[in-house]
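So the structure is just underneath, and the comments pick up after that.
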Amino acid sequence: MLYLDTETYSECDLKKTGGYRYAQHPTTRVTLFGYAIDDSPAKVWDVTTGSDMPTDLREALDDDNHLVLAHNSMFDRPVIQHTLNIVLPMHRWRDSMVKAYTLGLPGSLAQLGQALGLSDDQAKMSDGHKLVMKFCKPAPSNHKAFKYDKTTHPAEWERFVEYCAQDVEAMRTIWKLMPDFNDLDHEIDLWHLDQEINDRGMPIDLDTVAIAIERVAEEKKHLTAELVALTNGILTSSAAVTKLVNFLEEHEGLTMPSLAKADVSAVLLRDDITDRARRILEIRQQADKTSVKKYNTLALGTCEDGRLRGTLQFYGANRTGRWAGRLFQPQNLARPTIGDLDVGVDHIRNNTLDLAYDYPMEALSSCVRAMICAPKGMKLVVTDLASIEARVLPWLAGDEKTLDVFRSGKDIYKHTASGIYNKDYSDIDSEMRFVGKVAALALGFQGGVNAFMSMGKNYGVDIDETLASDTVRNYRRANKRIVGLWHTMNNGAMDVIDRTQKCKTVGKLLINIEDDWLTVRLPSGRKLAYYKPLNEDHDNSGRFKTTFMGVGFNRKWQRIDTYGGKLVENITQAVARDVLAANLPLIEAAGYEIVATVHDEVVTLCPDEEQYSSPALSALLSTSPSWADGLPLDAKGFEGMRYSK
């Protein structure tokens, strides 16, 4: 194994551009190349000296039998490719950060060392961040030197070299400490495919992005001017939260619980607020949309060839294995509120947004996703696993009655409502179906009254607490197998933690204790991992809860509570991910170039030819994996020049 870590210098802002654009920036260069070969001591090649690459490093890089390990290799790999012209076959790469994610551990090397109990001399050096800030970017503008290096700060540079070597040592120690029960061949192959997808990138319409940035600035200027006029100059920015809340209370008699999106939307539904208060809140909603900032991200992060790269983090959704977004975060795009996005893009380009839409900023927000645009002669073909979690949950619970609803093509929300209201499927009206929809989305993982009411609020409906309470009770009565799965998982986890059972089979799942991990083996063979589990009686009440160490609130490493319904939610989402993951190689083999996965959706780029179509892609995505016998799958999609769902 060749362990490596690079330190770089660049005038490019990594946080704004992402690793790929950073690697390609003309000022980016490797300054230190830390490495260790197998169990030999870590060394550092100081590239700034102008010396040739050390012979042992060159030989290890050239040896195809040497696997190559980096921590967050999606940074180091493009950097050494573009600055040192080192291109290694993808199959040789491994990543300690990705392995940490597969075990429910933090991705930060420093935090990971702490979590695994590394001593100070083994862990990442505590002053490393300060050294990186000094030597990896230009000096502050008010300093004499343009940049700092070993000539300006020789002693600190020596410390920087030590830091680079220690990172390699820490990475190697951590790699060896982490168990390998998720180092499955198909998962490693999947990660390699993920890296190829990140390398490929998404095609971006940079011309329209530039125009949209101008339109956003203009619209914000207009909204601010209107706010100033409405309040006689008292308010000059909708972002000034305290001032805005105080103004509404003092001048309009309106007390706001907060200015969070959901609270503002709820107040705007009321008919007892003044016209001025309503317009102030509308301005707040429009002017402070964070989604339009993504235009700037696209402008800064897209490479010169028009591709935005590095937007997918493999296993980034902790404990389930789903992909997370990076940089542009395609998983977090605002849902469109206008009809045809192609028309919206035309209005952006023609500067006619205010003529076509009551809320131009809303249109700008909706059109962000449409900046993903196929080049000439190509098209985007997109498909999405239909109601996948609603299918996986009853499959895990052995609820054949609900699975038959999907097999017959019936409406799952009407089916859920028929159980809640104890009525025939044919007697369910639109209001009942809505309750069934909210229940299906909110209650399948042991959610209670608050979860049901909160989900209703997400749909813009205030649900009466009595209705919520009745619905929760009736849902659980009608879905005994799902309720049973919650309790069986909860009790099974507690039993194996207490060692009253060596392991526990729950339907298609296996709960086990493997050293410091509570594991749940999924039907795919992959395992969910919960580190250092305990059964704890928090309040000395005799009611024990299962806890484990994980990344919790504010990204802190802490002890986290879990319970049967939460475990079932993790498992359901993980199985849904495994269905999608199993079919990605099929999609690639059929000639569709995957450019992104967005939750349960696959976005592909292919020639603009009839043989590539959304029905054909949907058939590939809904192929049943060998381990998913009896799970009814379906997928639906669309095709076009722009990403528009």
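Could you give the radius of gyration (one decimal) and Dmax (whole number) of the Cα atoms in segment 422-462, in Å?
For segment 422-462, the Cα-based Rg and Dmax read 10.8, 29 Å.
So what J values fall out for segment 591-596 if you push phi through Karplus, 6.51 cos²θ - 1.76 cosθ + 1.60 with θ = phi - 60°, rounded to Hz, Gly and Pro as x?
x, 8, 8, 6, 10, 6
Report, in debye and to the nearest 20, how large the dipole of segment 1-159 comes out about its Cα centre when Lys and Arg carry +1 and Asp and Glu carry -1 on their Cβ.
820 debye
Determine the distance separating the Cα centre of segment 47-73 from the Cα centre of segment 415-459; give it in Å without decimals.
If we compute the Cα centre of each part, the gap is 58 Å.
Report, as a whole number in µm² per second, the diffusion coefficient that Stokes-Einstein gives for segment 469-618 at 37 °C and 0.692 mPa s using the Kirkwood radius over alpha carbon pairs.
In µm²/s, the coefficient is 181.
What is the Cα centroid distance between segment 343-385 and segment 614-642, reported in whole angstrom?
Here the two parts' Cα centres lie 26 Å apart.
Convex hull volume of the Cα atoms in segment 45-184, per residue, in Å³?
Value for segment 45-184: 138 Å³ per residue.
Taking only the alpha-carbon atoms of segment 568-645, what semi-axes of the equivalent ellipsoid follow from 5 times the gyration tensor eigenvalues under a square root, in whole Å, largest first?
After scaling each eigenvalue by five and taking roots: 23, 14, 11 Å.
In whole Hz, with x marking every Gly and Pro, tabulate ³J(HN,Hα) for segment 544-550 from phi via Karplus 6.51 cos²θ - 1.76 cosθ + 1.60, θ = phi - 60°.
Couplings: 8, 10, 7, 10, 8, 8, x Hz.
Based on DSSP H runs of at least 4 residues, each adding -39500 (n - 2.57), what is the mean residue ellipticity at 222 nm of the chain after dividing by all its residues, to the nearest 500 deg cm²/dmol?
Only helices count here, giving -14500 deg cm²/dmol.
Tell me which GluC sites (Glu not before Pro) from segment 582-620 have a DSSP coil assignment and no more than 12 other beta carbons within 10 Å of their own.
When the GluC sites (Glu not before Pro) of segment 582-620 are filtered for loop state and at most 12 Cβ neighbours within 10 Å, GLU609, GLU610 remain.
Rg (Å, one decimal) plus Dmax (Å, integer) for the alpha carbons of segment 308-374?
Cα radius of gyration and Dmax of segment 308-374 are 14.9, 47 Å respectively.
Once the mean 1/r over all distinct Cα pairs of segment 1-128 is inverted, what Kirkwood radius in angstroms do you read off?
15.7 Å
Give LYS261/LYS566; LYS480/LYS527; LYS423/LYS545 a once-over and call out the pairs whose C-alpha atoms are over 29 Å from each other.
From the list (LYS261/LYS566; LYS480/LYS527; LYS423/LYS545), the Cα-Cα distance tops 29 Å for LYS423/LYS545.
Once all Cα-Cα distances of segment 424-533 are split into 5 Å bins that start at 0, what whole-number percent is in each one?
Per 5 Å bin, starting at 0, the Cα pair percentages come out as 2, 11, 18, 16, 13, 11, 12, 10, 5, 2, 0.
Using DSSP to define loop residues, name the chymotrypsin sites (Phe, Trp or Tyr not before Pro) in segment 458-499 whose beta-carbon has at most 16 other beta-carbon atoms within 10 Å.
TYR459
To check my understanding: the extent here is largest minus smallest coordinate of the Cα atoms along each principal axis. What are those three numbers for segment 253-405, in Å, largest first?
Between the extreme Cα coordinates on each principal axis of segment 253-405 lie 54, 47, 29 Å.
Using only the Cα atoms of segment 89-147, build the gyration tensor, take square roots of its eigenvalues as a ≥ b ≥ c, and label the shape rounded, prolate or oblate: rounded if a/c is under 1.5, else prolate if a/b is larger than b/c, else oblate.
Oblate.
With a Cα-only, solvent-free Debye model of the chain, what are the log10 I(q)/I(0) values at q = 0.07, 0.12 Å⁻¹?
-0.55, -1.51
Set the bar at 18 Å for Cα to Cα. Now go through LYS457/LYS645; LYS15/LYS134; LYS16/LYS150; LYS220/LYS293 and name every pair that lies beyond it.
Violating the 18 Å Cα-Cα cut-off are LYS457/LYS645; LYS16/LYS150.
Sorting check: for 320-330, 142-152, which peptide has the highest mean count of neighbouring beta carbons within 10 Å, and how do the rest follow?
The packing order, highest mean first, is 320-330, 142-152.
Can you give the relative contact order of the chain as a percent, counting alpha carbon pairs under 8 Å and 6+ residues apart?
14 percent
Quick check: Cα centre of segment 113-170 to Cα centre of segment 243-271, how many Å?
Taking the Cα centre of segment 243-271 as reference, the centre of segment 113-170 is 48 Å away.
Straight-line reach only, C-alpha to C-alpha below 15 angstrom: list the aspartates and glutamates that LYS532 could link to, leaving out same-chain residues fewer than 8 apart.
Qualifying aspartates and glutamates at Cα under 15 Å: ASP495, ASP498, GLU514, ASP515, ASP516, ASP561.
Quick one: accessible area per residue over the chain, 1.4 Å probe, rounded to a whole number of Å²?
On a per-residue basis, the chain sits at 45 Å².
The values are calculated or read from the model by the stated rules, or taken from the named source; none is laboratory data. These figures come from a predicted structure and were not determined experimentally. Ideal geometry is used to build each Cβ from the backbone, glycine not excepted, and the neighbour counts take in all protein chains shown. SASA here: full protein model, heavy atoms, side chains in, ligands and nucleic acids out. Shrake-Rupley method; radii C 1.70, N 1.55, O 1.52, S 1.80 Å.
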